[in-house]
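For reference, the structure discussed in these notes is given below.
Rule-based calculations on the coordinates, nothing more; no lab input. What you are looking at is a predicted structure, and each value in this text was computed from that prediction instead of being measured. Neighbour counts run over all protein chains shown; Cβ positions are idealised from the backbone, glycine included.
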Amino acid sequence: MNIATSTKITITGDLGSGKSATSAILCERTGFQYISTGRIQRQLAADMGMDTLEMNRLADTDPRIDEQIDSVFISLGTDPHGYVVDSRMAWFFLPNAFKVYLQTPVEIAADRILKDPTRNSENYKSKEEAIEKIQARKLSENARFLVKYKADSTNLNNFNLVIDTSKRSIVEVAEAILLGVAYWEKGGMFPRYI
């Protein structure tokens, strides 16, 4: 499947919906570079000695945190290379990208996050605590982005493709995205919700 080497694919979605794993497959299949807000946020939170929820709450009052993260994505708009960008706001900062939203129920997300050894700054004592903090983080981020940018991440009409990942393998999700990109680049129609 041929897609342009300058294409930007943004992956936004629920916490634990498979954004990182899907992005890895997309990068492997396209040769595009991977950029992740999650990685940037987790590293920044660790550097600040807090978890990601605490950092998100601090970002509600300290605009420097979002500015530091957002500047990475804003600069990609003029970059001639293809990227897979895993970020809650990349769809907004890269309006000419193919924009994907991955959905999953919070209970499934909590299970995935609890089993992921790479999420060092997201250590939960129980599934119930994970669900509570995932929901709080999502609300905090959505409210902040709405106030700061007037960008509504909950409006799925902002995306070219919305995929429920709860009953699909990561490979199936990645293949659907690549097919969607191919149709989009040719101006063809492709279902928005799958």
P(r) of region 78-144 over all Cα-Cα pairs, binned every 10 Å from zero, in whole percent: 17, 40, 29, 13, 1
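Applying 1/(1 + (r/R0)^6) with R0 = 41 Å to the Cβ-Cβ distance of residue 81 and residue 140, what FRET efficiency is obtained, to the nearest 0.05?
On the way: r = 32 Å, r/R0 = 0.78.
The computed FRET efficiency comes out at 0.80.
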Nothing charged except the Cβ atoms of Lys and Arg (+1) and of Asp and Glu (-1): what's the magnitude of the dipole of region 8-185 about its Cα centre? Round to the nearest 20 debye. 100 debye
Can you list the lysines whose alpha carbon is less than 27 Å from that of residue 125, not counting same-chain residues fewer than 8 positions off? 19, 115, 133, 138, 167
For residue 162, residues with placed amide H under 5 Å, excluding near neighbours: 101, 193, 194
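For region 1-116, what is Rg from Cα atoms divided by 2.2 N^0.38 Å, rounded to two decimals?
Working: Rg = 14.6 Å, N = 116, 2.2 N^0.38 = 13.4 Å.
In units of the globular-protein estimate, region 1-116 measures up at 1.09.
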Which of 88, 144, 57 comes first, and how do the rest follow, when ranked by fewest Cβ neighbours within 10 Å? 57, 144, 88
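Given contacts defined as C-alpha pairs under 8 Å and at least six residues apart, what's the relative contact order of the chain, whole-number percent?
On the way: 279 pairs, mean separation 63.8, N = 194.
It comes to 33 percent, rounded to a whole number.
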Stokes-Einstein at 10 °C, 1.306 mPa s, Kirkwood radius from Cα pairs: D for the chain in µm² s⁻¹? 93 µm²/s
Taking the chain as the reference, fit the longest principal axis to its C-alpha atoms, fit the long axis of helix 127-149 to the helix C-alpha atoms, and give the angle between the two in degrees, 0 to 90, nearest 10. 70 degrees
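Would you list 70, 116, 86 from fewest to most Cβ contacts within 10 Å?
Numbers: 70 21, 116 13, 86 28.
Going from least to most buried by this count: 116, 70, 86.
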